[in-house]
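> Take a look at this one; I'll ask things after.
What follows draws every value from the coordinates through simple rules; no lab data is involved. Predicted model only: the values in this text are computed from it and were never measured. Please note: Cβ atoms are built from the backbone with ideal geometry, for glycine as well, and neighbour counts cover all protein chains shown.
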Amino acid sequence: MRIRPNLKFNMQPLESPPQSSIGFKEWQVICDALATGRQSILLRKGGLHEGRQGFSFAHSSFFLFPTRFHAHSDQVREGEVQVLPEWQAGDEIRITHHAEAQRAVTLTDWEQVAALQPHHIYEDATVHERFDWQGKGMASGSIHVALVRVRKLVVPWCFPYETSYGGCRSWIQLPAPPAAWLESAQPVLDDDRFAGLAGELGI
């Protein structure tokens, strides 16, 4: 299922060093899918606190920060959604995976978005709702998509939750990551499988 090349893509500049301590907030169930290689794309419209310009893939290098807020079992086609309260100050956060966005596009053709269905675990209605939503600088009839290379940290990175990590927004500043984490991190998909996926998606 190749995305048609005649679609007008809004290519996002993706610049941030691999040592970045930026966190990307995503549902725990989606982080689990990324961690197993079941999913290697991110679909994002944005949150209420993204700022005046709305969401963009402003960082190419980030740690996956699992959240519980808003996730419901009827919003995904597979995976376990735990019914738990959102993190509270002092709770231990356990970061296990890092992602690098290889490509990022803004899709404005619903057929192209629907063609991504085999590559993620969201319910179609969830994706369509995001596609149709507008506000905070984000137009109806569009959604941001990124192809990400996910790596597993050999040793989980743990630190206490702070209130500054809260709010309906995608990007958060984290503490300095452990030394030499990148050198030991292992890709979830090997080079051949990831290259095949990128070729299949055509982005």
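> If you average the C-alpha positions of segment 140-193 and of segment 112-136 separately, how far apart do those two centres end up, in angstrom?
Measuring centre to centre over Cα atoms gives 22 Å.
> Calculate how large, on average over all directions, the projected area of the Cα convex hull of segment 22-201 is; give the answer in nm² to one decimal. Working shown, then result.
On the way: hull surface 39.8 nm².
Mean projected area of the Cα convex hull: 9.9 nm².
> Place +1 on the Cβ of every Lys and Arg and -1 on the Cβ of every Asp and Glu in segment 22-201, take the dipole about the Cα centre, and give the residue among Thr106, Ile121, Cys31 whose Cα lies farthest towards its positive end.
Going by the charge dipole, the pick is Thr106.
> With a 10 Å radius around each residue's Cβ, average the other Cβ atoms per peptide and rank 116-127, 100-111, highest first.
Values: 116-127: 16.1, 100-111: 18.2.
Answer by packing, highest mean first, reads 100-111, 116-127.
> As a footprinting exposure proxy, order Cys158, Cys168 by other Cβ within 10 Å, with the fewest listed first. Could the numbers behind the result be given before it?
Working: Cys158 11, Cys168 14.
The fewest-first ordering by Cβ neighbours comes to Cys158, Cys168.
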